[in-house]
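**Q** Below is a structure I'd like to ask you about.
The values are calculated or read from the model by the stated rules, or taken from the named source; none is laboratory data. Quantities reported herein were computed from a predicted structural model and do not represent experimental measurements. Neighbour counts run over all protein chains shown; Cβ positions are idealised from the backbone, glycine included.
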Amino acid sequence: MIRHFLARKSIITVTLAILVAAGCAETAPTRFYTLSKVDAPAAVPARAAESRLAVGVGPVSLPQYLDRPQVVRRAGPNRFELAGFDSWGEPLEDMFARVVAQNVSTLLGTDRVFVIPRRRLPELDYQVEVEVLRFDADVGGNAFLVARWEIFDGEGKQLRLEQTTLSEPVAEPVEGESYEPVIAAMSATLAAFSRQLTQAIQSMPPDRSFPGS
């Protein structure tokens, strides 16, 4: 009888522990993140024609391992980790394209930068297509962006094909801190990538005829 009572008491104790753990898991807050864009430059671009450029950004494609709400970290050469309560505020592919477009718009000094696909597009001077091969941080404390990108003119002729590899150190997180340092480092790689795209567009032959020129 006593053995039966003790066994029943153990079952009740374990059950309560499971319920308490489940309750704690349900109440843990999920943190949502967005990539940050670059600040406006102190000086306006030197070439006045750049303010009249029309640039399309996209399509942008990301690898399937990033097609999920959770922030992904690389735990080793062949292993990923999904954050438990740290997620993106919107699909990462959409956010990546939008922030790149915002960055290029700011750096070029033109508001005529558009994310593709888009229902209505003006006549473009350039279009940038991006294939992202890697965009994450590792447990060693670095964020990485590896991307293959192409620039086309308004008639679809390829003007440039490049592959970019960028890394940025992640600020040492305090124990129990969120993924904010990781997202900040990823945003820094995206800013550097946007500057490369902007410089590539600025390096195109200047003898083009721009609308209104």
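**Q** So residue 97 passes all but one of these: (1) more than 21 Å from residue 202 (Cβ to Cβ); (2) out of contact with any Ser or Thr (no Cβ under 8 Å at 6 or more places or on another chain); (3) of a type in the set (Gly, Ala, Ser). Which condition number does it fail?
**A** (1)
**Q** Another one. I need the strands (runs of 3 or more DSSP E) fully contained in the stretch 125-193, keeping only those with at least 3 residues that are closer than 22 Å to residue 30 by Cα.
**A** By residue number, 126-138.
**Q** So, one more: All but one of (1) assigned to a strand (DSSP E or B); (2) in contact with a helix residue (DSSP H, G or I) (Cβ under 6 Å, 6 or more places away or on another chain); (3) more than 18 Å from residue 61 (Cα to Cα) hold for residue 110; which doesn't?
**A** For residue 110, the exception is condition (1).
**Q** Could you identify the single residue in 89, 58 that is surrounded by 18 or more Cβ atoms within 10 Å (Cβ to Cβ), at pLDDT 95 or above and in contact with a helix residue (DSSP H, G or I) (Cβ under 8 Å, 6 or more places away or on another chain)? Break it down stepwise before answering.
**A** Details: 89 fails: surrounded by 18 or more Cβ atoms within 10 Å (Cβ to Cβ).
Unique residue meeting the criteria: 58.
**Q** Does the stretch 93-100 include one or more residues that are exposed (fewer than 13 other Cβ atoms within 10 Å of the Cβ) and either at pLDDT 55 or above or not aromatic (Phe, Trp, Tyr) (or both)?
**A** No, the stretch 93-100 has no match at all.
**Q** Here is a further query. Would you confirm whether or not the stretch 146-165 contains a residue that is in contact with a Phe, Trp or Tyr (Cβ under 8 Å, 6 or more places away or on another chain) and under 27 Å from residue 85 (Cα atoms)?
**A** Looking through the stretch 146-165, at least one residue is in contact with a Phe, Trp or Tyr (Cβ under 8 Å, 6 or more places away or on another chain) and under 27 Å from residue 85 (Cα atoms).
**Q** Quick one: is residue 103 surrounded by 14 or more Cβ atoms within 10 Å (Cβ to Cβ) and of a type outside the set (A, V, I, L, M, F, W, C)?
**A** yes
**Q** Just to check your reading of the model, which residue among 137, 147 is in contact with a helix residue (DSSP H, G or I) (Cβ under 7 Å, 6 or more places away or on another chain), over 26 Å from residue 41 (Cβ atoms) and either surrounded by fewer than 19 Cβ atoms within 10 Å (Cβ to Cβ) or small (Gly, Ala, Ser) (or both)?
**A** Values: 147 fails: over 26 Å from residue 41 (Cβ atoms).
From the options 137, 147, the qualifying one is 137.
**Q** Another question about this same structure. Which pairs turn up if I take residues in the stretch 184-197 that are of a type outside the set (A, V, I, L, M, F, W, C) and look for partners that are buried (at least 21 other Cβ atoms within 10 Å of the Cβ) and assigned to a helix (DSSP H, G or I) with beta carbon separation below 6 Å, at least 6 apart in sequence or on another chain?
**A** 194/100; 194/103; 194/104
**Q** Sticking with this one: Determine whether residue 97 is touching a residue at least 24 places away in the same chain (Cβ under 8 Å) and closer than 26 Å to residue 125 by Cβ.
**A** For residue 97, the condition - touching a residue at least 24 places away in the same chain (Cβ under 8 Å) and closer than 26 Å to residue 125 by Cβ - is met.
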